[in-house]
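Each value in this text was obtained by applying a stated rule to the coordinates, not by laboratory testing. Note that the structure is a prediction, hence the values are computed from the model and not measured. In this analysis, Cβ positions are derived from the backbone assuming ideal geometry, glycine residues included, and neighbour counts consider all displayed protein chains.
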Amino acid sequence: MAQAQENSALHEMVAAVSRGAPEWRTCPHPAYAALREQDPVCRLTPPHGVETYLITRYDDARDALSDPRFSKDMRGALDTYHAVYGSFFDALDDNVLFSDPPRHTRLRRTLRGAFSPRRVEGMRGRITEITEALLAACREHNHVDLMSSFAFPLPIAVLCELMGIREADRPEILEQFGVVTRSRFDPSKKAELHAAEAWLQNRLGRLVQETRDHPSDSFLSDLVRAEDGLDDGELVASLWVLFFAGHKTTAYQIGNSVLHLLNRPEQLELLRRAPHLIPGAVEEIVRFEGSVETSTFRYAAEEAEIRGTVIPKGALVQIAISAANRDPQRFDSPDELDVTREGIQSTHLGFGHGTHYCLGAPLARLELEIALGRLLRDFPRLALADPEESAGAWLKGPVAAFRGLERLPVVMEPGRGGAEEVPVTAASRV
Ligand code: HEM
């Protein structure tokens, strides 16, 4: 009897996870804990209809992230791609994130070359300037939604700088980019989606051509000049994936970090008193509440068995990074946020693992370190404007790719007054 009740509770939970039920999206961790325990390679039937297996234990997740049986090249599974993305396989998706070796190896090598540690560190000054300018506007308005006023515009501006996109060209590019990211999983917006994808392809193609004609010391110039260079189509798709992979991830991570720190005054105080702990805190928060909740899709190119569960050829495989990062078999007291936790950078899976490990991790770390550093230093009394609203603002929806906040209302300097919102721009909405 007890066993039957347990099974039916598990079934209900799996069904809730499959359809993206709001209570699960608001706080997925108890459901993940149960799945890790009772059904670590769990079969889901999501609304897109493709049989999907969700992996929740740390060891399995780490193995699966670099398991060559799980392919990322969706050209080998176009029907699945159409079902999940509601889109044709666009040339923009023909990039490093959707490819397998040896093509992946070649694309990644070239991108890595241009993404050198020297280039990333060289951006420190500009990232600091952009951060300070955005925070100065927040200070002026005092009551702001930190997501739209700061967390989103910062990585967008950094990406535009990285690619050498002129200020004047940014609003239109960001507008179209926003259309794509907002309509990707929405079948009713197919026409809009295709028009925006075509526009971006054309516009990024022009950017590549302009950079070929007038190279400088920019990141894109390095890419264009690379010896085992990419062709124009590959360059456009690479710019697209960097935008796609580098903006919401970083924006949501900033929001997650601020919310969790504001809710833990003792951890916040520790960081204020010892700012050298901030880089470690960034890693711990990526572990504790990373902005990439589940990996991007992989599909089983051949039948694979994990912990006795057979994943049939063609099924989708998703790795629940958020679940793996709180596996008590791997991390002590995993549900506690401890900014002094040691040795975390090399173990957590928040930036993935293996072949597709996040290419932008050094840049993301730098942005997070500067963003948190400046916020803590310059706004010692920063406070949540409405703790209840923030706690309920987690992203909803059936696709648990991102874990982040829709909004984060804060008061920069409590007691000072001022209640206008910072004006919404294309960068705030992407
Ligand atoms: C806090 C911010 C970020 C987080 C949490 C994050 C997380 C991840 C994760 C988990 C993956 C692996 C996905 C998988 O295997 O399915 C990944 C891949 C990737 N990320 Fe990030 N990312 C962040 C920021 C960035 C930034 C700033 C960029 C670039 C500007 C970037 C570019 C990429 C690219 C290109 C890949 C694909 C690499 C490949 O396929 O070889 N990411 N990221």
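At-a-glance table
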item: Under-5 Å amide H pairs with Gly404, H placed in peptide plane, nonlocal only; result: Leu395
item: Relative compactness, segment 1-72, computed as alpha-carbon Rg over 2.2 N^0.38 Å; result: 1.18
item: Mean separation of Cα contacts under 8 Å, 6 or more apart, over the residue count of the chain: relative contact order %; result: 28
item: Cα centroid separation, segment 3-50 to segment 230-304 (Å); result: 24
item: Debye, to nearest 20: dipole size of the chain, +1 on Lys, Arg Cβ, -1 on Asp, Glu Cβ; result: 340
item: 5 angstrom amide H check on Ile306, placed H, neighbours 5+ away; result: Ile311
item: 5 angstrom amide H check on Tyr53, placed H, neighbours 5+ away; result: Leu44, Leu316, Val317, Gln318
item: Ratio Rg/Rh [Cα only; Rh per Kirkwood] for the chain; result: 0.95
item: Calculated from backbone phi, Karplus (6.51, -1.76, 1.60) coupling profile of segment 336-350 in Hz, x at Gly/Pro; result: 9, 8, 10, 5, 9, 4, 9, x, 7, 4, 8, 10, 5, 10, x
item: Among Val236, Val96, Val310, residue whose mean-square fluctuation peaks in a GNM of the chain (springs only between Cα atoms under 10 Å); result: Val310
item: Axial C-alpha extent at least 24 Å, average Kyte-Doolittle at least 0.0 - helices from the chain (DSSP); result: 361-378
item: Segment 118-179: trypsin sites (Lys or Arg not before Pro) in DSSP coil with no more than 11 other Cβ atoms inside 10 Å; result: Arg166
item: Within-12-Å neighbourhood charge of Ser71 [Cβ basis; K, R +1; D, E -1]; result: +2
item: Listed residues Gln267, Gln329, Gln345, most fluctuating in the chain (Gaussian network, C-alpha, under 10 Å); result: Gln329
item: For Pro215, net neighbour charge (Lys/Arg +1, Asp/Glu -1) across residues whose Cβ lies under 12 Å away; result: -2
item: Integer Hz, Karplus 6.51/-1.76/1.60 couplings in order for segment 225-230, x for Gly and Pro; result: 7, 3, 4, 8, x, 8
item: Max mean-square fluctuation residue, GNM over the chain, Cα-Cα springs under 10 Å, options Asn263, Asn142, Asn95; result: Asn263
item: Extent along principal axes [Cα atoms of segment 186-327; Å; largest to smallest]; result: 54, 48, 38
item: Value at 222 nm in deg cm²/dmol, rounded to 500, when DSSP H runs of n ≥ 4 in the chain each add -39,500 (n - 2.57); result: -16000 deg cm²/dmol
item: Cα gyration tensor of segment 36-163 - equivalent ellipsoid semi-axes, whole Å, descending; result: 35, 22, 17
item: Contact order normalised by residue count of segment 220-306, Cα under 8 Å, 6+ apart, percent; result: 28
item: Additional length obtainable on full extension of the chain from Glu303 to Asp386, 0.36 nm per residue less Cα span; result: 25.0 nm
item: Equivalent ellipsoid dimensions for segment 241-306 as semi-axes, Å, which come from the Cα gyration tensor, largest first; result: 32, 14, 10
item: Karplus (6.51, -1.76, 1.60) ³J(HN,Hα), θ = phi - 60°, over segment 308-314, in Hz, Gly and Pro reported as x; result: x, 8, 8, 9, x, 3, x
